[in-house]
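Here is the structure we will look at, set down as structure tokens.
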Amino acid sequence: MSLRWLVLTLLLMTSMGLQAQPLIGHDIEARLTPAQGTLAVRDTLSLPAGQDEWTFVLHQGLNPQVLAGDAHLETLGSRDDSEVFRLRPQGSGPITLGYSGPLQGELQTAAEGMGRSRQWTRGIISPDGVVLDGNSGWYPHFTDSLQHFSLQVMLPADWTAIAQGAGPNRLATTEGTRVSWHEDQPQDDIYLIAAPFVTYTQPTARGEAQVYLRNPEPELAQRYLDATADYLAFYSDLIGPYPYAKFALVENFWETGYGMPSFTLLGSQVLRLPFILKSSYPHEILHNWWGNSVFIDYETGNWSEGLTAYLADHLFKEREGQGAAYRRDSLQAYADYVGAGEDFPLTTFQGRHGSASQAIGYGKSLMLFHMLRRDLGDAAFRAGLQAFYRENRFRTAGFDQLRIAFEQASGRDLKGYFETWTQRVGAPDLALTEVTLEPVASGFQLRGRLEQTQPEAPFPLTVPLLVHLKDGSQIQERISLDGRATEFLIELPTPPLRLALDPDFDLFRRLAPGENPPSLSRLLGAARGLIVLPTAETEALATGYRQLAESWTKDAPGWEVVKDEALDRLPEDRPVWLLGWRNRFVTALTAQPFGLDPESHRLELSGENLAGDDLSLALVREVAGRPLGLIATLNPAALPGLARKLPHYGKYGYLAFTGSEPSNRLKGQWPAGESRLQVWFTAERPALAPVVAPALAARTTEAQPADRVSGTPSAPVFVTSPVAAPLSPTAAGE
Ligand SMILES: [Zn+2]
């Protein structure tokens with residue numbers, strides 16, 4: 001939901017604690033006229049007895065009237081394009097409200113940090129389609145209540161409508177098509193989507209799979225129908241029964257990744273990206289458990305994005321043996337995007353509105369669940385998830401309810417754990433010191449000291465240590481570190497090769513130098529920095545670079561833009577972007593050669609020799625202790641696309657594009673260097689096979705779900721192009 005709206009909602013919520021929320025019945029008959037951008041509604045409300053007055057929100061200008069039943073209705077005022085009403089029933093029995101008018105809305109653009117933005121609307125009725133939820137005020141939205149509903153919508157003949165729950169029932173009439181839906185279980189919102197869709201369906205053991213596309217595309221639809229069946233089965237096994245009658249993929253007419261109860265609204269480009277079937281799509285489906293049936297108590301922090309990211313985005317990477325890499329990227333995003341003034345505790349996370357809030361509300365939050373799983377073990381972790389779902393389905397829940405469920409499942413007191421990771425800011429910074437190795441009769445004694453060096457108070461941690469032995473075996477230990485420092489002793493049967501502290505990034509912590517090679521996010525996430533424009537380029541290139549710099553800095557007041565001729569030397573106290581092959585300072589990058597030849601516009605990397613008039617490059621190196629980036633091309637037409645695309649490639653250290661689009665041709669991360677969190681005991685440093693912990697299984701003996709999905713060709717990318725940022729905000733989030 002939009003932040004602005006959230007503020008209004010919070011103002012209206014006088015007492016939305018965790019006490020039972022009133023359950024309101026809506027029997028809605030609606031007529032949508034997309035050509036005019038209008039709706040007309042009759043809503044018969046069943047209000048629970050015992051409350052004298054009710055407050056609800058409706059879109060401004062709809063002029064609601066009491067059509068049947070006995071009640072007084074008055075307006076309390078308005079804000080933005082919403083109007084707040086008070087309804088006072090004068091007796092028992094249903095009350096019917098009628099209202100009509102325009103609800104055209106508009107697509108708006110929200111900035112999300114350097115070079116990133118997304119479109120959103122409070123609700124729209126247009127010839128392109130209809131997207132309405134409680135925030136748009138299309139129905140009387142009682143903000144401190146839950147609701148169940150039945151809904152009949154009259155539409156143009158070739159249109160169809162989607163809501164959450166069971167349906168659709170379609171009836172062709174002389175006036176158009178009448179479509180009905182209903183959901184009898186408590187809901188925290190009522191969604192209404194409509195357009196001239198092509199519909200595909202397939203029954204599954206856990207509910208009907210449905211796909212709504214804007215044009216016929218049976219193969220694409222079939223991939224989604226199959227994936228839906230797989231994911232519904234997998235998550236039902238892992239957590240508990242899927243709570244709805246259907247799950248639908250609905251194609252939107254702008255780029256979104258919204259998860260609503262029993263359907264997802266994905267943009268046309270997003271849903272055609274092959275890797276979405278393994279990233280955003282399971283994420284949206286999983287929101288039916290987290291957020292769309294266990295509702296979020298926003299007053300105590302949105303827990304659902306972290307848990308959903310952990311059990312979808314992270315889990316499917318973990319299945320591919322990429323769990324540690326995913327966690328390292330999460331820690332790096334926290335380090336790069338969350339500046340000193342931008343950190344906040346998870347108890348105040350509402351929704352993503354940029355890279356910093358994403359790094360906390362998704363990244364730090366998923367690490368909370370990962371550490372918990374490592375501490376409790378997979379069986380207790382799974383039992384905790386199941387208990388949390390069982391106890392809180394169709395109720396509002398917060399971190400407290402999660403804690404209670406995991407305590408029940410594990411028999412452990414987790415108060416301190418949850419307090420630390422949901423109420424504190426900051427992150428532990430770890431050091432490994434005083435490491436000694438001593439031969440003894442039984443082998444070797446490895447001793448050392450673990451320290452927390454951050455200025456903030458120590459965090460309670462269980463620190464994983466991994467010893468690779470010369471004979472090829474490994475020893476893993478977990479050391480409790482609740483205070484500033486502790487000593488450890490590990491008995492080894494044979495001589496060691498290397499000792500490493502948390503090499504799989506199992507802890508939420510600050511990465512040590514060397515663990516995070518320079519990537520674009522070091523610059524994209526910096527609050528301050530400098531962009532240096534080239535003087536010696538052609539006019540078309542110079543203009544393109546200037547426009548890129550302007551678009552990236554217009555919402556980034558800590559960033560300066562200067563021409564290279566105005567500088568004697570590059571500052572070393574902040575990140576710097578160099579733009580242009582002919583930038584005066586481009587040779588600063590090659591002080592330590594790495595395959596870049598600015599003279600011949602060439603980069604040799606990963607066995608590729610990249611050059612040519614068609615080539616665009618972006619890369620970041622660490623030079624003189626600060627990130628130094630380069631964006632260079634000979635093709636001015638590629639620059640607008642680079643300005644748009646590069647902010648979505650933050651985790652990469654180098655990127656090559658071709659064409660004017662431009663299309664990504666190569667991307668990668670620089671190898672991690674040596675860090676102070678590892679100690680070698682031999683002069684040679686062979687490449688060590690990673691220890692890959694097993695992925696979380698749905699059951700103790702697991703049938704691999706989603707086999708068909710793993711079989712689809714997919715790029716191992718998480719984010720490309722202007723779209724695939726993990727979901728975005730609705731009531732239940734992305
Ligand atoms: Zn989400």
Can you figure out the FRET efficiency of Arg478 with Gln592, using R₀ = 35 Å and their beta-carbon distance, to the nearest 0.05?
0.40
How big is the charge dipole of the chain about its Cα centre, in debye rounded to the nearest 20, if each Lys and Arg gets +1 on its Cβ and each Asp and Glu gets -1 on its Cβ?
540 debye
Segment 74-220, dipole about Cα centre (Lys/Arg Cβ +1, Asp/Glu Cβ -1), debye to the nearest 20
80 debye
Can you compute the modelled spin-label distance between Arg447 and Ala611, with each label point 7 Å from Cα toward Cβ, in nm?
5.8 nm
Simple spin-label estimate for Val198/Asp471, 7 Å along Cα→Cβ, in nm, reads 6.3 nm
The lysines whose Cα lies under 21 Å from the Cα of Lys554, excluding any fewer than 8 residues away in the same chain, are Lys563, Lys645
FRET efficiency, Ala485 to Ser268 (Cβ-Cβ, R0 51 Å, nearest 0.05)
0.40
For Asp128, project a label point 7 Å along Cα to C-beta. Then give me every residue of segment 242-275 with its amide nitrogen under 18 Å of that point.
250-258, 265-272
Within segment 123-154, backbone nitrogen closer than 13 Å to the virtual label 7 Å beyond the Cα of Ala40 toward Cβ:
154
Mind running the shape call on segment 184-266? Use the C-alpha gyration tensor, a ≥ b ≥ c as the square roots of the eigenvalues: rounded below 1.5 for a/c, prolate if a/b tops b/c, oblate otherwise.
oblate
Determine the percent antiparallel among the DSSP beta bridges restricted to the chain, to the nearest 5.
80 percent
Computed over the chain, the distribution of all Cα-Cα distances in 10 Å bins, rounded to whole %, is 3, 13, 22, 23, 20, 12, 5, 2, 0, 0
Stretch gain in nm, segment Thr543-Gln119, where the contour uses 0.36 nm per residue and the Cα spacing is subtracted
150.0 nm
What does the net charge come to around Glu491 if you take all other residues with beta carbon closer than 11 Å to its beta carbon, with K and R at +1 and D and E at -1?
-1
Any idea what angle helix 539-553 forms with the longest principal axis of the chain, computed on alpha-carbon atoms, 0 to 90 degrees, nearest 10?
70 degrees
Just want to confirm a number: the relative contact order over the chain, from Cα pairs under 8 angstrom separated by 6+ residues, in percent.
11 percent
Which length gain, in nm to one decimal place, applies between Ser78 and Ala693 when the Cα-Cα distance is subtracted from 0.36 nm times their residue separation?
216.0 nm
Counting helices only, and only those DSSP H runs with n ≥ 4, report the 222 nm mean residue ellipticity of the chain as the sum of -39,500 (n - 2.57) divided by its residues, in deg cm²/dmol to the nearest 500.
-6000 deg cm²/dmol
If you take every DSSP beta bridge fully contained in segment 149-268, what fraction is antiparallel? Give it as a percent rounded to 5.
75 percent
By the gyration tensor of its Cα atoms, with a ≥ b ≥ c the square roots of the eigenvalues, what is the shape of segment 548-648: rounded for a/c under 1.5, prolate for a/b over b/c, or oblate?
oblate
For a Förster distance of 60 Å, can you work out the FRET efficiency between the beta-carbons of Asp52 and Asp413, rounded to the nearest 0.05?
0.90
Evaluate the distance, in nm, between pseudo-label points positioned 7 Å from the Cα of Gln454 and of Arg395 along their respective Cα→Cβ axes.
3.3 nm
By a straight-distance test (C-alpha under 21 Å), which lysines pair with Lys364 as possible cross-link partners, with residues fewer than eight away in the same chain excluded?
Lys317, Lys415, Lys651
In what sequence, highest mean first, do 32-45, 660-673 appear when ranked by Cβ atoms within 10 angstrom?
32-45, 660-673
Rounded, prolate or oblate (a/c below 1.5 giving rounded, otherwise prolate when a/b exceeds b/c) for segment 519-576 by Cα gyration tensor
oblate
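All of the numbers you see were taken from the coordinates with simple rules; none came from a lab. Just so we're clear, the structure is a prediction, and the values are computed from it rather than from any experiment. Ideal geometry is used to build each Cβ from the backbone, glycine not excepted, and the neighbour counts take in all protein chains shown.
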